[in-house]
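The next block holds one structure in the form of structure tokens; read it before the comments.
The values are calculated or read from the model by the stated rules, or taken from the named source; none is laboratory data. These figures come from a predicted structure and were not determined experimentally. Cβ: placed from backbone, ideal geometry, glycine included. Neighbour counts: every protein chain shown.
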Amino acid sequence: MSRCGMKDSYAFKCIILIPAFPCRPADGIPTCSRAFVRLAGVLEKNSNGETDDSPNTLVYRKMEDLIARMQDEKNGIPIRTVKSFLSKIPSVFSGSDIVQWLVKNLNIEDPVEALHLGTLMAAHGYFFPISDHVLTLKDDGTFYRFQTPYFWPSNCWEPENTDYAVYLCKRTMQNKARLELADYEAESLARLQRAFARKWEFIFMQAEAQAKVDKKRDKIERKILDSQERAFWDVHRPVPGCVNTTEVDIKKSSRMKNPHKTRKSVYGLQNDIRSHSPTHTPAPEAKQPTVEELQEQIKFWQAQLDRHRLKMSKVAEGLLGYTEQYADYDPFLSTPDPSNPWISDDTTFWELEASKEPTQSRVKRWGFGMDEVLKDPAGREQFLKFLESEFSSENLRFWLAVQELKKRPIKEVPSRVQEIWQEFLASGAPSAINVDSKSYDKTTQNVKDPGRYAFEDAQEHIYKLMKSDSYSRFIRSSAYQELLQAKKKKSKNLF
């Protein structure tokens, strides 16, 4: 058999490495793992003596540190040999053992979070169920086994389809119930046999050689290594419908291939220290900056110092307040009333939305802010009625007209701009609005070249006026309070 082109392949490693260490298990645990992993690490190094790094190296390192703690003899997960009828299941632990260990050693309060973390580690193949191809963690008595470090994803495995064909072909040669091919594996084998028809004899010879080596191993060790090999392929050739965790983000991959790529300054400044990043090496030293460039940089840093910033405590306080305020309107946090018509057969929600009578929850929501009033058709109607009663509805009508202008077809925009100008801003306009001189001058220039956003500055000014004056009067008005109380009484009478 020629070794040309096969030295770095999975099949070659299995043939060469495994028989080199005749293992004698003690207490059901293989004794060759250290030497096996050490030699595997040697072969994994490239010609420069450096291991191939993966873009996910940091993630793998964290997982492997956690796996090392799990395998600790004193404080790790207890690994045992389970005796069943006429057989033994060596080196296993249950899914509940993993969840309990994670909760205890990582100070996780919710077992669901521990189950999720364990499922992510199982999906990467660090431990696996001994009787299932789906790599997931279950909080029950399902038996799991640790993967040998040789098959860890941090070794940057990229097995070829020929390697997979050798593995599947070898499985068909071993008359064991636990080694029978699943349906999707049988389909893959048939597809690979058609694809590699010309060199199938070579693949069959490799599979036959590996099968002979397997027969020489101890029974318990062979059972463990077979399950670990199966789990390796469950990671790299997952069951249809399962996530392939070996796929690499294209952005991370491109950064690995171009480590010397530097970011260009957004603000056109040279030697910009903001562009330095752990993933980008700094640009080579350039010439000394000129006086003008230094002045530009000083202006930039002064602008940064003058920026308005909030303390994290204030930001968190605002987010908590917002969450508490809208908790009753979030279907994930509270049961919606009425129920979602897309989930249930109850159409009450649609009927209430179609009616002109707003529900109590909608009326209550108007008090959260003016945006809630403006985006609710019933809220806009009630707000407009209130302003008309005070003879000050022109601001809201202008704001609504500008909003409607933004949705008009482009051919109708120029004529509609002139209509809005004549009604609200022209001298002697029937519904004149009060805007500051800066906004008025800017709007006057925009109207000469009419567009959908010609009144943007004036609209923003009117919005601030309504928010600080008209909206607060509307919320304090007897009209809104009566509407809110009426809805409360009506909802009480229903029950």
### Task
Please name all residue pairs, on different chains or six or more residues apart, with Cβ atoms under 7 Å, provided the first residue is in the range 114-142 and is over 22 Å from THR81 (Cα atoms) and the second residue is among the aromatic types (Phe, Trp, Tyr).
MET121/PHE127
### Task
Return a yes/no flag: does the range 249-258 have any residue that is modelled with pLDDT of 80 or more and basic (Lys, Arg).
no
### Lone unmet requirement of (1) touching a helix residue (DSSP H, G or I) at 6+ places or on another chain (Cβ under 8 Å); (2) closer than 30 Å to ASP449 by Cβ; (3) not aliphatic (A, V, I, L, M) for ASP328
(2)
### Task
State whether the residues of the range 149-162 include one that is under 30 Å from LYS88 (Cβ atoms), in contact with a strand residue (DSSP E or B) (Cβ under 7 Å, 6 or more places away or on another chain) and surrounded by 19 or more Cβ atoms within 10 Å (Cβ to Cβ).
no
### Task
Evaluate the following for ALA182: is it out of contact with any Gly (no Cβ under 7 Å at 6 or more places or on another chain), among the small types (Gly, Ala, Ser) and either farther than 19 Å from VAL235 by Cβ or touching a residue at least 60 places away in the same chain (Cβ under 8 Å) (or both)?
no
## Note on the structure
Inside the range 140-177, the number of residues satisfying the requirement of being at pLDDT 90 or above, over 23 Å from GLN100 (Cα atoms) and of a type in the set (Ser, Thr, Tyr) is 4
### Task
Tell me which residues, restricted to the range 383-395, are over 19 Å from GLN459 (Cα atoms), touching a residue at least 60 places away in the same chain (Cβ under 8 Å) and not in a helix (DSSP H, G or I).
GLU390
### Residue match in the range 122-135 (condition: out of contact with any Phe, Trp or Tyr (no Cβ under 7 Å at 6 or more places or on another chain), under 17 Å from ASP234 (Cβ atoms) and part of a helix (DSSP H, G or I))
yes
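Residue by residue, here is whether (1) in a helix (DSSP H, G or I); (2) assigned by TED's automatic domain parsing to the domain that holds VAL417 holds:
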{"residue": "ASP328", "(1), (2)": "yes, no"}
{"residue": "LEU333", "(1), (2)": "no, no"}
{"residue": "ASP346", "(1), (2)": "no, no"}
{"residue": "SER361", "(1), (2)": "yes, yes"}
{"residue": "PHE368", "(1), (2)": "no, yes"}
{"residue": "GLU372", "(1), (2)": "yes, yes"}
{"residue": "GLU381", "(1), (2)": "yes, yes"}
{"residue": "ARG397", "(1), (2)": "yes, yes"}
### Query
Which condition number does LEU192 fail, the rest of (1) part of a helix (DSSP H, G or I); (2) of a type outside the set (D, E, K, R); (3) surrounded by fewer than 19 Cβ atoms within 10 Å (Cβ to Cβ); (4) at pLDDT 90 or above being met?
(3)
### Message
Every residue in the range 424-438 that is farther than 15 Å from SER392 by Cβ, assigned to a helix (DSSP H, G or I) and of a type outside the set (Ser, Thr, Tyr), please.
### Response
LEU425, LYS438
### Query
Can you pull out the residues in the range 136-155 that are within 16 Å of CYS242 (Cβ to Cβ) and in a loop (DSSP other than H, G, I, E, B)?
THR136, LEU137, LYS138
### Query
Which one of the conditions (1) free of Cβ contacts under 8 Å to residues at least 24 places away in the same chain; (2) out of contact with any Asp or Glu (no Cβ under 9 Å at 6 or more places or on another chain); (3) part of a loop (DSSP other than H, G, I, E, B); (4) of a type outside the set (Lys, Arg) does ASN75 fail to meet, given that it meets all the rest?
(1)
### Query
In the range 406-452, which residues are under 19 Å from LEU465 (Cα atoms), loosely packed, with under 12 Cβ neighbours inside 10 Å and hydroxyl-bearing (Ser, Thr, Tyr)?
SER437
### Task
Scan the range 62-87 for residues that are of a type in the set (Lys, Arg), under 21 Å from ILE130 (Cβ atoms) and loosely packed, with under 13 Cβ neighbours inside 10 Å and jot them down.
LYS83
### Query
Does at least one position in the range 216-230 carry a residue that is small (Gly, Ala, Ser), at pLDDT 85 or above and surrounded by 17 or more Cβ atoms within 10 Å (Cβ to Cβ)?
yes
### Message
I'd like the full set of residues that are in contact (Cβ under 8 Å) with a residue 40 or more places away in the chain and either surrounded by fewer than 20 Cβ atoms within 10 Å (Cβ to Cβ) or charged (D, E, K, R) (or both), limited to the range 352-368.
### Response
THR359, GLN360, LYS364, GLY367, PHE368
